[in-house]
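Heads up: the structure comes next, in structure tokens.
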Amino acid sequence: MSRRPLYLDYHATTPVDERVLSAMQPYFCESFGNPASSAHYYGWEAETAVEQARRTLAQALNATPEEIIFTSGATEANNLAIKGIVEAHLTKGRHLVTVCTEHSAVLEPCRYLERLGFEVSYLPVQPDGLLDLTSLAETLRKDTILVSVMAANNEIGVLQPLTEIGQLCRDRDIIFHTDAAQAFGKIELDVQASAIDLLSLTAHKLYGPKGIGILYCRQGIPLAPQLHGGGQEAGYRSGTLFTPQIVGLGKATELALTELPTEQQRLKNLRDRLWQALNSLDGLMLNGHPSQRLPHNLNFSVNGISPEALLKKIRPHLAISTGSACAGRRAQPSHVLTALGHSAPLARSALRLGLGRFTTSVDIGAASKILRQAIGELR
Ligand SMILES: *Cc1c(COP(=O)(O)O)cnc(C)c1O
């Protein structure tokens, strides 16, 4: 294989933007100080860079810098949010609410808490992947501590009604957390307008480096730290701050917000063109709400052909994901597609395409040709 396959899996991760890499570079060998070293120049230099990134993140969310906690990514942020909130609110109750299409980084902390005696309601979704607000309202109780609903789904890209959920929770004095790993920098987010109390995000879905993210936690909401040590991040998350990654996240945020309006439109046009080209084939079915979804997401099931055979054919040319996660050697259908009411074979035959910053119009033409040809040959 002389050429690398075309990458259309931007929901899994994204390449680091060269401009982000350049911003990070000085903080490895030259400006290497520990931001916590308050006695000398090297510490101040690193601290200044960290605090600038913190302000950028806060501004992007309409939050304040004190509300930003740096973590190793969205998995850690979700764990800190969910475990940290329940631990700090034990006197109120032991009930949590989430949705069955959440990322495993939300579902698994919830299952862990169930084993410790907490009660978790996993709400179903409608066939379009969206949460039903009436059933959410009916599930909320006096002893409900936390509601966790993702902003955008990582498989089907659907956008949950954050503002409506936030209002429902605010009216009942229930804390609202959202996993915005896929949404941040791709759609507008505002923690005030949507009454969001906690929000997780990660840099590597945003053309930034892997291993860095944040938890936004609204001022005044008690949160129990899950990592104890030197007391960094106001005691909420101990551990020496990774200055280069933090600077990278700040730069990635700045770029994403500047380019958001034009990029949204560009990717939506490319995505719609790709779907139009593919949808003229028989037996394709779009998964998830047709318009209330990320502009760069496409997810569809292909009826009547073996997903393994299809993937084998396209793999040398195209890097995309299927609707199954390989747990060992047996492919399990995705829990998200099963939650839409799909049968196991239909869920397994789903393809997820994620477009991104470096996807061109030529790429879309090529992807459409590769997929049409492969599906045609297998029919
Ligand atoms: C990628 C992703 C995560 C995990 O983020 P990491 O930074 O890789 O830990 C969590 N939630 C969603 C929705 C994601 O897409």
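Annotations
- Among Arg3, Arg170, Arg237, the sequence by solvent-accessible area, most first, with a 1.4 Å probe is Arg3, Arg170, Arg237.
- Solvent-accessible area, 1.4 Å probe, carbon plus sulfur percent, for region 1-53: 55
- Solvent-free Debye scattering, log10 I(q)/I(0), computed from the Cα coordinates of region 166-222 at q = 0.21 Å⁻¹: -0.80
- Protection proxy ranking, peptides 129-135, 144-150, average beta carbon neighbours within 10 Å, highest first: 144-150, 129-135
- Within-14-Å neighbourhood charge of Pro65 [Cβ basis; K, R +1; D, E -1]: -2
- When all alpha carbon pairs of region 193-238 are counted in 10 Å bins from zero, the resulting P(r) reads 23, 44, 31, 2 %.
- Calculated accessible area for the chain comes out at 44 Å² per residue, all protein chains present (probe 1.4 Å; ligands, DNA, RNA ignored).
- For region 95-222, the fraction of 1.4 Å probe accessible surface lying on carbon and sulfur atoms is 50 percent.
- Within the full protein context, the accessible area of Thr75 is estimated at about 80 Å² for a probe radius of 1.4 Å.
- Part-to-part distance (alpha-carbon centres) for region 11-26 and region 358-379, which is given in Å: 28
- The alpha carbon gyration tensor of the chain gives principal lengths a ≥ b ≥ c with a/c of 1.5 or higher and a/b no greater than b/c, which makes the shape oblate.
- Under 10 Å, Cβ to Cβ, from Arg266 - net charge with Lys/Arg +1 and Asp/Glu -1: +1
- Convex hull of Cα atoms in region 57-129, direction-averaged projection (nm²): 6.5
- Rounded if a/c under 1.5, otherwise prolate or oblate - region 211-299, Cα gyration tensor axes: prolate
- Relative contact order of region 271-379, taken over Cα pairs closer than 8 Å and 6 or more residues apart, is 35 percent.
- If you run the Gaussian network model on the chain, springs between alpha carbon atoms under 10 Å, then out of Ile85, Ile305, Ile156 the most flexible one is Ile305.
- With the simple spin-label model, which puts each label point 7 Å out from Cα in the Cβ direction, the Ala224 to Asp143 separation comes to 1.7 nm.
- Of the residues Ala180, Ala39, Ala137, the one that moves most in a GNM of the chain with alpha-carbon contacts below 10 Å is Ala39.
- Under the Debye formula (equal points on every Cα, no solvent term), log10 I(q)/I(0) of region 262-313 at q = 0.21, 0.23, 0.25 Å⁻¹: -0.83, -0.93, -1.02
- In percent, rounded to a whole number, the relative contact order of region 31-92 is 16, using alpha-carbon pairs under 8 Å and six or more apart.
- Using just its DSSP H runs of length 4 or more, each adding -39500 (n - 2.57), the chain gives a mean residue ellipticity at 222 nm of -12500 deg cm²/dmol after division by all residues.
- Tensor-based shape of region 65-197 (alpha-carbon gyration tensor, a/c under 1.5 rounded, otherwise prolate or oblate): rounded
- Region 85-156 and region 193-229 have Cα centres separated by 18 Å.
- Counted charge near Leu201, where neighbours are those whose Cβ lies closer than 11 Å (Asp, Glu -1; Lys, Arg +1): +1
- Comparing His89, His40, His11 in a Gaussian network model of the chain (Cα springs below 10 Å), the most mobile by mean-square fluctuation is His40.
- The chain, relative contact order [Cα under 8 Å, separation at least 6], %: 23
The values are calculated or read from the model by the stated rules, or taken from the named source; none is laboratory data. Since the model is a prediction, treat every value here as computed from it, not as a measurement. For neighbour counting, all protein chains shown are included, and Cβ atoms are generated from backbone atoms with ideal geometry for every residue, glycine included. Heavy atoms of the whole protein, side chains included, go into the accessibility calculation; ligands, DNA and RNA do not. Shrake-Rupley method; radii C 1.70, N 1.55, O 1.52, S 1.80 Å.
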